[in-house]
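A short write-up of the structure that comes next.
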Amino acid sequence: MENYRNVDQTSREYHEIAENWIKSGITPDKHLAFYCGTGWRGSEAWFNAWLMGWPRVSVYDGGWFEWSSDPDNPVETGIPEHYQIPGYKMNDPESLTRTDTPVEITDFLIHEGEKEVVSEILKGLSSPQKYISSRFFYDDNGSALFEAITRLPEYYPTRTEKSILKAAAPRIVNGLSVKNIVELGSGDCSKISILLEAMPGNHIERLVYLPVDVCKTTILNSARMLSKKYPGIRIHGILSDFMKHFNVIPGNGNKLICFFGSTLGNLTGKEETSFLLNLRSRMNPGDQLLIGFDMVKDIRILEKAYNDEQGTTAAFNKNILRVVNHHAKTNLNPDQFDHYSFYNVAHARIEMHLRALADIEVTSPYLNNSIFLKKGETIHTENSHKYDRDCIHRLAGITGLQIKDI
Ligand code: AVJ
């Protein structure tokens, strides 16, 4: 019981208990059932989780013998093999051979069933406040439109983040001794280049850069560019949707995890906490996390960034309907909707919606009954949360991360 008790039999400090759990993948976003041989130890573990306010905790009263004697019950031990990068020991970058091909890629992409995608879409469209998950923005056309957004005069976030990163890079790089840099949603690698630019050449040669992205071509192109610019760098791409399968981040080895673009702001508060807790569970003492947050600012600047003059954001927003039509065979017509985007002060977030310009009937072969939209009704397509210092401190507190620098 040393995991839960001090030597004098008093209960251990709960941060320590949480820390141990999180390291082994026991996180508060999951439904957790504790069990043991006879029941009292499992109950004590459960009691700790309950006291900490973890929302879904139970005791399995059958004991390990009863659980494991039914072969239908799932059992998992050790580190899932799926999440290891073959042949690469994170503690030893030399184990990753330099080859003529600039990049090796491990494919962790879990292809979603089309059935699940369709039912997720239809569930959103059938809710009282209709919604479409913002992950459906990014088909080829949507990604190109987002690229265009980042170059708009009104859209300050990309430009601003790059200039902050440039100013902070010497400070970040100075004394950084990690061997691995993992970048979540690496994209065109322009952000990591800013960090590498501030790094001495001999440090770069000791580094392995692990870009994580859902697009293989994106990883290949950026790896090619980077290895031309920094000939000594070793790159190992990870093809994966880190928003859904966070454990593709190697848990061993020291590392800096970069998460730029204020992408965290697209999550709901609950998702955000569990995403960070999950990230933390892949980190070892001394590992660092570098996150780009978009801060709260003058409402006019915020609203202009999501309502540009040229209508690129409107086109980006409406494109989601094409993606939805493609998957769910719906008859949504982008011309029947208005781009509607505003800053919600109470929730400190930009909301994007599509507003019906008329009464609309939505049909799909996967639907028994049509879905109806009243003129003026909206489909919520995105939240983009804005942060302040208090909010970042609160997040760090909840997730057990220590703030080094803001
Ligand atoms: C890529 C999610 C950071 O929220 O600002 C841009 C997406 N939406 N314009 C953001 C977006 C509308 C962007 N993120």
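Values quoted throughout were computed directly from the atomic coordinates according to the rules given, and no laboratory measurement underlies them. Because the structure is predicted, anything quoted here is derived from the model rather than measured. Every residue, glycine among them, receives a Cβ derived from its backbone with ideal geometry; neighbour counts consider all protein chains shown.
Amide H neighbours of Glu382 under 5 Å, counting only residues 5+ apart in sequence or on other chains, H built in-plane at 1.01 Å?
Correct list: Met352.
Cross-link partners among aspartates and glutamates for Lys329, C-alpha distance below 15 Å, same-chain residues fewer than 8 apart left out?
Excluding near neighbours in sequence, the set is Glu114, Glu116, Glu120, Glu361.
Using the Karplus curve 6.51 cos²θ - 1.76 cosθ + 1.60 with θ = phi - 60°, work out ³J(HN,Hα) for each residue of the stretch 338-343 in order, rounded to whole Hz, and write x for Gly and Pro.
Values, residue by residue: 10, 6, 9, 9, 8, 8 Hz.
For the stretch 1-75, what is the relative contact order in percent, using Cα pairs closer than 8 Å and at least 6 residues apart in sequence?
Over the stretch 1-75, the number comes to 26 percent.
Could you sort out which of Lys162/Lys297; Lys166/Lys229; Lys297/Lys318 sit more than 24 Å apart by Cα distance in this structure?
With Cα atoms farther than 24 Å apart: Lys297/Lys318.
Over the chain, what is the percentage of antiparallel beta bridges among all DSSP beta bridges, to the nearest 5?
Just about 40 percent of them are antiparallel.
Please state the charge dipole magnitude for the stretch 159-216, taken about the Cα centre, from unit charges on C-beta atoms (+1 on K and R, -1 on D and E), reported in debye and rounded to the nearest 20.
The dipole of the stretch 159-216 has a size of about 120 debye.
Could you order peptides 180-189, 135-144, 363-372 by the average number of other Cβ atoms within 10 Å of their residues, highest first?
Final packing ranking: 180-189, 135-144, 363-372.
Projected onto the charge dipole of the chain (+1 at Lys/Arg Cβ, -1 at Asp/Glu Cβ, origin at the Cα centre), which of Ser69, Ala356, His245 gives the Cα projection farthest towards the positive end?
Towards the positive end, the residue furthest out is Ala356.
Quick one: net charge around Ala356, please, counting Lys, Arg +1 and Asp, Glu -1 for every other residue with C-beta under 15 Å from its C-beta.
Charge balance near Ala356 sits at 0.
Among Trp50, Trp21, what is the fewest-to-most ranking by other Cβ atoms within 10 Å?
Trp50, Trp21
Apply the Karplus curve 6.51 cos²θ - 1.76 cosθ + 1.60, θ = phi - 60°, to the phi angles in the stretch 313-330 and return the couplings in whole Hz, x for Gly and Pro.
For the stretch 313-330, the Karplus curve yields 5, 4, 5, 4, 5, 5, 4, 4, 5, 5, 4, 5, 4, 4, 7, 9, 6, 7 Hz.
Place a +1 charge on the Cβ of each Lys and Arg in the chain and a -1 charge on the Cβ of each Asp and Glu, then give the dipole magnitude about the Cα centre in debye, rounded to the nearest 20.
That gives the chain a dipole magnitude of about 980 debye.
State, as an integer percentage, the relative contact order of the chain based on alpha-carbon contacts under 8 Å between residues 6 or more apart.
Relative contact order for the chain comes out at 16 percent.
Report the net charge of residues surrounding His339, where surrounding means a beta-carbon distance below 9 angstrom and charges are Lys +1, Arg +1, Asp -1, Glu -1.
+1
Nothing charged except the Cβ atoms of Lys and Arg (+1) and of Asp and Glu (-1): what's the magnitude of the dipole of the stretch 1-75 about its Cα centre? Round to the nearest 20 debye.
The calculation lands at about 140 debye.
So what is the calculated 222 nm ellipticity per residue for the chain, using -39500 (n - 2.57) for each DSSP H run with n of 4 or more, over all residues, to the nearest 500 deg cm²/dmol?
It lands at -11000 deg cm²/dmol.
What ranking do Val7, Val345, Val212 get, fewest neighbouring Cβ atoms within 10 angstrom at the top?
With the sparsest Cβ surroundings first, the list reads Val7, Val345, Val212.
In whole Hz, with x marking every Gly and Pro, tabulate ³J(HN,Hα) for the stretch 129-141 from phi via Karplus 6.51 cos²θ - 1.76 cosθ + 1.60, θ = phi - 60°.
8, 5, 8, 10, 4, 5, 5, 7, 5, 9, 7, 4, 5
What are the residues whose amide H is under 5 Å from the amide H of Arg349, where those residues sit 5 or more places off or on another chain and H is modelled from the backbone?
Sorted by chain and number, the residues that satisfy this are Asn344, Lys386.
Report, by chain and number, residues whose modeled amide H sits under 5 Å from the one on Cys258, excluding near sequence neighbours (fewer than 5 apart, same chain).
Under 5 Å from the amide H of Cys258 lie the amide H atoms of Val182, Glu183, Leu184, Leu290, each far enough along the sequence or on another chain.
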